[in-house]
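A.B. asks: Can you keep this structure in mind? I'll have questions shortly.
The values are calculated or read from the model by the stated rules, or taken from the named source; none is laboratory data. Fair warning: this is a prediction, and the values are worked out from it, not measured in the lab. All accessible areas refer to the heavy atoms of the entire protein, side chains included, with ligands and DNA or RNA removed. Shrake-Rupley method; radii C 1.70, N 1.55, O 1.52, S 1.80 Å.
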Amino acid sequence: MKLLGYLRSCLPTIALVVAAVALSAFILAVSGAGLAVIVLVSIISCLGLALALAADWVRKRPFYDDLVSCADDAQRPLWLSEVVERPDYLEGAITYDALSAISKAANDGVNAYRRQASEYREYIETWVHEAKSPLAAAHLMLDNLRAEADRVESVDKLRALDDELCRVEGFIEQALFYARSETVDRDYLIRKYRLGDLVAASVKANAATLIGVHMAPVMHDLDFEVFTDEKWIEFIFGQVIQNAAKYARRDNPRLEFSGVLRDRGNANERVELTVRDNGCGVSAADLPRVFDKGFTGENGRSGKRSTGIGLYLVKRLCDKMGVGILADSVEGEGFAITFSFSTNKFQYVDRGGGSPLAPPTPEMRSFQ
């Protein structure tokens, strides 16, 4: 902070003090005081003003010099509270506190953006790696079909090729929804839907996957109406269905959809949908982490080609949509996910942070 600039900012104060000194001199002259006394009083007053301004400038200069230095550096403003000391005078302290709050908010935003960009990059890398495998298999199958087009086995190979291409489509759809998951509110239309219709649509969209593993879906007690977005929730159900098919048992695999109404007539009345399979299940040690990004568990490391993205994306979207979600499992007996849908559309207002609904009740947590 330059002295000239400081004095310019103090011009109103200096003008008031000069006016007060002139008025005092006038009063002394009218009172009969001698010229020497008037001059002495005026000099003392002006000297006192000069000393006060000099002391104030010396005290404030280090703080404002640090602020100017931070403003000249593109990165240092984010670390203002670390490189600048809090001054002991009131206006400086207020300025420091305000700038520290702004700096903290800016740092939080930058860190969140960097974390988001890093997660997105990691996901794209994983997706590209997974998408290459079925594409390579499809090309090999096509090469074989060209040489064996007249054989009966070609039908089975064509079916296998179709399955591989369906896998590619699934990965592409997953990538699309992942990319849109940060801005769910921009593509989110809440309407009233019949729960059974949503489940049926998801089962139909994933029929080929279920037929491929000979898994029989069973639906009962789904005659409820819920408020949600059709596109997003069908994708969520689809990810759960594909996860169940991936870990289905070989003999008599089963997938069950069941609904129940909780807290009827209360403010937190909700419909709970439980999706339960009879597959290999998840161990008690892995269960708390099934929604973690990239977590595959023991089953995922046993040749299932799991990426740990599907259930992570399901949890992420449910949180943003205000849909409660809970996982339960008994190893060797099956895996279940329970979704909670509010029956009151007003509970979905202002879900920017993705605060979930009330979690499923203890009755729904016990795996049967």
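A.B. asks: Along its three principal axes, how long is the range 2-66 when you only count alpha carbons? Whole Å, largest extent first please.
C.D. replies: So the extents along the principal axes, rounded to whole Å, are 52, 17, 13.
A.B. asks: So, one more: Which percentage, to the nearest 5, of the DSSP beta bridges contained in the range 181-288 is antiparallel? If you can, show how the numbers build up before the last one.
C.D. replies: Values: 12 of 17 bridges.
The answer is about 70 percent antiparallel.
A.B. asks: How much accessible area does ASP143 have with a 1.4 Å probe, in Å² rounded to the nearest 10?
C.D. replies: Its accessible surface works out to 80 Å², give or take rounding.
A.B. asks: Please report Rg over Rh for the range 196-272, where both radii come from the alpha carbon positions and Rh follows the Kirkwood definition.
C.D. replies: 1.03
A.B. asks: May I ask you to rank PHE224, PHE339 by accessible area, largest first, using a 1.4 Å probe over the protein chains only? Mind dumping the intermediate values first?
C.D. replies: On the way: PHE224 50, PHE339 0 Å².
My answer, sorted largest first, is PHE224, PHE339.
A.B. asks: Right, something else. Given LYS2/LYS104; LYS204/LYS293; LYS231/LYS320, which pairs have Cα atoms separated by over 18 Å?
C.D. replies: Long pairs (Cα-Cα over 18 Å): LYS2/LYS104; LYS204/LYS293.
A.B. asks: LEU176 accessible area, nearest 10 Å², 1.4 Å probe?
C.D. replies: Only protein atoms counted, so the area is about 80 Å².
A.B. asks: Taking a probe of 1.4 angstrom, what is the accessible area of LEU49 in Å², to the nearest 10?
C.D. replies: The value for LEU49 is about 30 Å².
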